[in-house]
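A.B. asks: Quick one: the structure is below, and I'll ask about it shortly.
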Amino acid sequence: MNTRFIRNIALAGVITVTAAACDHSLDITPKYDVVSEKVYQDFTNYKPILAKLYAGYAVTGQQGPAGRPDIGGIDEGFSNYLRQYWQAQELTTDEAVIGWNDGNLRDLHDMDWTPGNEFLRALYDRIFYQVSLTNEFIRETSDDKLSSRGITGANLEEAKVFKAEARFLRALSYWHALDLYGNVPFVTDQDKVGFFFPEQTTRQELFSFIEKELLEIEGQLLDARKNEYGRADKAAAWTLLTKLYLNAEVYTGTAKNAEAMTYAEKVINAGYQLEADYDDLFKADNNRSNEIIFAITFDGTRTTTWGGMTYLVHAPVGGSMKAADFGINGGWGGLRTTKSIVSLFGNTSGGPDNRANFHTAGQELEINDLFTFTDGYAIGKWKNVTSTGQAGSDPSGDHPDTDFPMFRLADVYLMYAEAALRSNGDKGKALDYVNRVRNRAYIDPADGSVTQGQLNLDFILNERARELHWEAHRRTDLIRFNKFTTDSHIWPWKGGVKEGRAVESFRTLFPLPTTDLTANPNLKQNTGY
């Protein structure tokens, strides 16, 4: 929970951009509650507007938890950026199933989604809403405009940092577009303001744009661990570059593992530390953690939403689980995991690995019915309870204080190790980093250590699931290891059958929504759809 920056998010609702929905040809003219030019004349407005850019990942509209939504065409709670990103990354894999039959939600785990899927469209719309917001802020903080408004001195320097952060957030959303949809419409602050049909970019071109943006802003962002919690700094940009380079072969056909190691090392040397207790990373006071590099911040009384962490804390609770143990007023009985993930921890009770936070009482390991909550083990990872056992700040028990750690150090350690194994990297250093992560997971750290002979790419993929399950990494990981659509890795209900099956290879990319294809004649659908 981050109260200082969240207060700015609340103020941002008064002066925010409400960009046109992305299921029409993109009108990037901002629509303000007050006139844009007047807003930007006053420098005290800049930080609240920046806060709105960050809030776009957490909240769904101008009111909260519902009312005056940013995008339409779907229930506002369903429209949440983090909720839909998490579902696209997790429900399509062995890490998560959901017991709800809303609309076409089941298609995600069945892996038979179509261009008409409303949940994939909501995520797409969220991504491009964020792009519109960030483009407008970047446009309004150009050198010429700042000069014309008489913004000088310390305010000018701060405005330049704000602009660099907005460029980071745009790169983050464009990375999501690159990873999820591939060949997408492309608009920047350099495009004219008004109604037009955006041109479609290629995956290679978008990769190059994101890389260039992050490299350019590296020197403009504040140093690692020097910004307010919840805001981007150099380490956030380095982590995103690491992810971009680690997946470069998927995106462009050319591996960039050396570059991935270079930027991972920058993060590793920046002073972050692994949290002593793994479970504390996912509790209501995780804003205190020195492991988290970049978080989507939530507060139970100030950033209320039916998506985001409200969803991630409530939806996995059901059956014999006690809602009070999670700091909430009740569970939604939806999310569980498959035996494919359970088996990675050695036995069905979790064994000595403290990350195996499965709830097994009253639950069956086998999933005979996707819509029966007690089929499949539940996971008690996310909690609205502090490390000292106190419930979150919302007295109703609806909305958690728990933040979502989008980037954290353990992930960077594992990315370095993977890049080293894929190239001529330092295998000894890779082993050290992996064992740092594993030793934290065991009461006796020595129980977690592995040898150089045990460390291979298959081990890394499994270790990423053990460490990072339910943190929105799994789909991207499985694709990078060529195990997402193929028969080399099968899990229950993959492909819509209980025993699992391979699916079409084109499903490594999601389709562009039918609504956008219909509206924009410049767009061509991804192969296979």
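A.B. asks: What nm value, rounded to one decimal, do you get for the distance between Asp279 and Thr254 when each label is placed 7 Å out toward the C-beta?
C.D. replies: Inter-label distance under the simple model: 4.8 nm.
A.B. asks: Send over a whole-number figure in Å² for the accessible area per residue of the stretch 40-150, probe 1.4 Å. Could you put the intermediate results ahead of the total?
C.D. replies: Values: 2830 Å² over 111 residues.
About 25 Å² of surface per residue is accessible.
A.B. asks: Computed from these coordinates, which is mean projected area of the Cα convex hull in nm²: [x] 28.2; [y] 22.1; [z] 24.6?
C.D. replies: For mean projected area of the Cα convex hull in nm², the calculated option is [y].
A.B. asks: Are there trypsin sites (Lys or Arg not before Pro) in the stretch 472-525 that DSSP puts in a loop and that have at most 16 other Cβ atoms within 10 Å, and which ones?
C.D. replies: Values: sites: Arg474, Arg475, Arg480, Lys483, Lys494, Lys498, Arg501, Arg507, Lys524; in loops: Lys483, Lys498, Arg501, Lys524.
Those that pass, being in a loop and sparsely packed, are Lys498, Arg501, Lys524.
A.B. asks: In terms of Cα to Cα distance under 26 Å, which lysines are near enough to Lys192, apart from those fewer than 8 places away along the same chain?
C.D. replies: Cα-Cα hits under 26 Å: Lys31, Lys38, Lys47, Lys52, Lys145, Lys160, Lys163, Lys212, Lys524.
A.B. asks: Of the chain, which part is the longest with no GluC sites (Glu not before Pro) in a loop (DSSP not H, G, I, E, B) and with at most 14 other C-beta atoms within 10 angstrom?
C.D. replies: On the way: sites that count: Glu199, Glu228, Glu366, Glu499, Glu504.
Maximal segment without exposed cleavage sites: 1-198.
A.B. asks: In square angstrom, rounded to the nearest 10, how much accessible surface does Asp280 have for a 1.4 Å probe?
C.D. replies: Answer for Asp280: close to 30 Å² accessible.
A.B. asks: Cut-off under 17 Å on the C-alpha distance; same-chain residues fewer than 8 positions from Lys381 excluded. Which lysines are left, in chain and number order?
C.D. replies: Excluding near neighbours in sequence, the set is Lys283, Lys322, Lys339.
A.B. asks: Same structure, new question: In degrees, nearest 10, range 0 to 90: what is the angle between the Cα axis of helix 81-90 and the longest Cα principal axis of the chain?
C.D. replies: The angle comes out near 30 degrees.
A.B. asks: Put +1 on the Cβ of each Lys and Arg and -1 on the Cβ of each Asp and Glu in the chain; which of Gly500, Tyr174, Ile379 then has its Cα farthest toward the positive end of the dipole?
C.D. replies: Tyr174
A.B. asks: Taking a ≥ b ≥ c as the square roots of the eigenvalues of the Cα gyration tensor of the stretch 269-426, is the shape rounded (a/c under 1.5), prolate (a/b larger than b/c) or oblate? Display every interim value, and only then the final one.
C.D. replies: Details: a/c = 2.08, a/b = 1.15, b/c = 1.81.
Here the stretch 269-426 falls in the oblate category.
A.B. asks: Please report the carbon-and-sulfur percent of the accessible area for the chain; probe 1.4 Å, protein heavy atoms only, DNA, RNA and ligands left out. Could you put the intermediate results ahead of the total?
C.D. replies: On the way: 8660 of 18140 Å².
It is 48 percent, rounded to a whole number.
A.B. asks: Ok, one more. Net charge within 14 Å of Tyr529 by Cβ-Cβ distance, Lys/Arg positive one each and Asp/Glu negative one each, not counting Tyr529 itself?
C.D. replies: On the way: positive: Arg121, Arg507, Lys524; negative: Asp107, Asp112, Glu504, Asp516.
Once positives and negatives cancel, what remains is -1.
A.B. asks: Note down the nm distance, to one decimal, between modelled labels 7 Å out along Cα→Cβ at Gln200 and at Gln41.
C.D. replies: That separation, rounded to one decimal, is 4.4 nm.
A.B. asks: What nm value, rounded to one decimal, do you get for the distance between Lys524 and Ala324 when each label is placed 7 Å out toward the C-beta?
C.D. replies: Those two pseudo-labels are separated by 6.1 nm.
A.B. asks: First check a/c for the stretch 306-387, with a ≥ b ≥ c the square roots of the eigenvalues of its C-alpha gyration tensor; if it is under 1.5, answer rounded, and if not, answer prolate when a/b is larger than b/c or oblate otherwise.
C.D. replies: Details: a/c = 1.95, a/b = 1.30, b/c = 1.50.
Because a/c hits 1.5 or more and a/b fails to exceed b/c, the stretch 306-387 counts as oblate.
A.B. asks: Here is a follow-up. Probe of 1.4 angstrom, ligands and nucleic acids ignored: what's the accessible area per residue over the stretch 397-464, in square angstrom? Write down the numbers at each step before the final one.
C.D. replies: Working: 2240 Å² over 68 residues.
Result: 33 Å² of accessible area for each residue.
A.B. asks: Could you work out [θ]222 nm for the chain from helices alone, using -39500 (n - 2.57) per DSSP H run of at least four and dividing by all its residues? Round to the nearest 500 deg cm²/dmol.
C.D. replies: Calculated from helices alone, the mean residue ellipticity at 222 nm is -11500 deg cm²/dmol.
A.B. asks: Per residue, what accessible area does the stretch 221-299 have, given a 1.4 Å probe and all protein chains present, in Å²? Present the calculation step by step, with values, prior to reporting the outcome.
C.D. replies: Values: 2640 Å² over 79 residues.
Value returned for the stretch 221-299: 33 Å² of accessible area per residue.
A.B. asks: Rounded, prolate or oblate: which one fits the stretch 186-249, using the alpha carbon gyration tensor with axes a ≥ b ≥ c (rounded when a/c is under 1.5, else prolate when a/b beats b/c, else oblate)?
C.D. replies: Values: a/c = 2.97, a/b = 1.50, b/c = 1.97.
Because a/c hits 1.5 or more and a/b fails to exceed b/c, the stretch 186-249 counts as oblate.
A.B. asks: Let me check I've understood the local charge: for Asp279, count other residues with C-beta under 13 angstrom from its C-beta, Lys and Arg +1, Asp and Glu -1. What total comes out? The partial results should precede the final answer.
C.D. replies: Details: positive: Lys283, Arg355, Lys381, Lys383, Arg440; negative: Glu275, Asp277, Asp280, Asp285, Glu291, Asp325, Asp353, Glu467.
That works out to -3.
A.B. asks: How big is the Rg/Rh ratio for the stretch 417-495, C-alpha atoms only, Rh by Kirkwood, two decimals? Could you put the intermediate results ahead of the total?
C.D. replies: Values: Rg = 13.7 Å, Rh = 13.7 Å.
Reported Rg/Rh (Cα atoms, Kirkwood Rh): 1.00.
A.B. asks: Right, something else. Would you mind checking the tilt of helix 257-268 against the longest principal axis of the Cα atoms of the chain, expressed as 0 to 90 degrees and rounded to 10?
C.D. replies: Orientation of helix 257-268: about 80 degrees from the principal axis.
A.B. asks: Now for a different question. Quick one: helix 46-55 against the long Cα principal axis of the chain, what's the angle to the nearest 10°, folded into 0 to 90?
C.D. replies: 30 degrees
The values are calculated or read from the model by the stated rules, or taken from the named source; none is laboratory data. These numbers were taken from a predicted model, which means no experiment stands behind them. Cβ: placed from backbone, ideal geometry, glycine included. Neighbour counts: every protein chain shown. Just the protein is used for accessible areas: all its heavy atoms, side chains included, with ligands, DNA and RNA removed. Shrake-Rupley method; radii C 1.70, N 1.55, O 1.52, S 1.80 Å.
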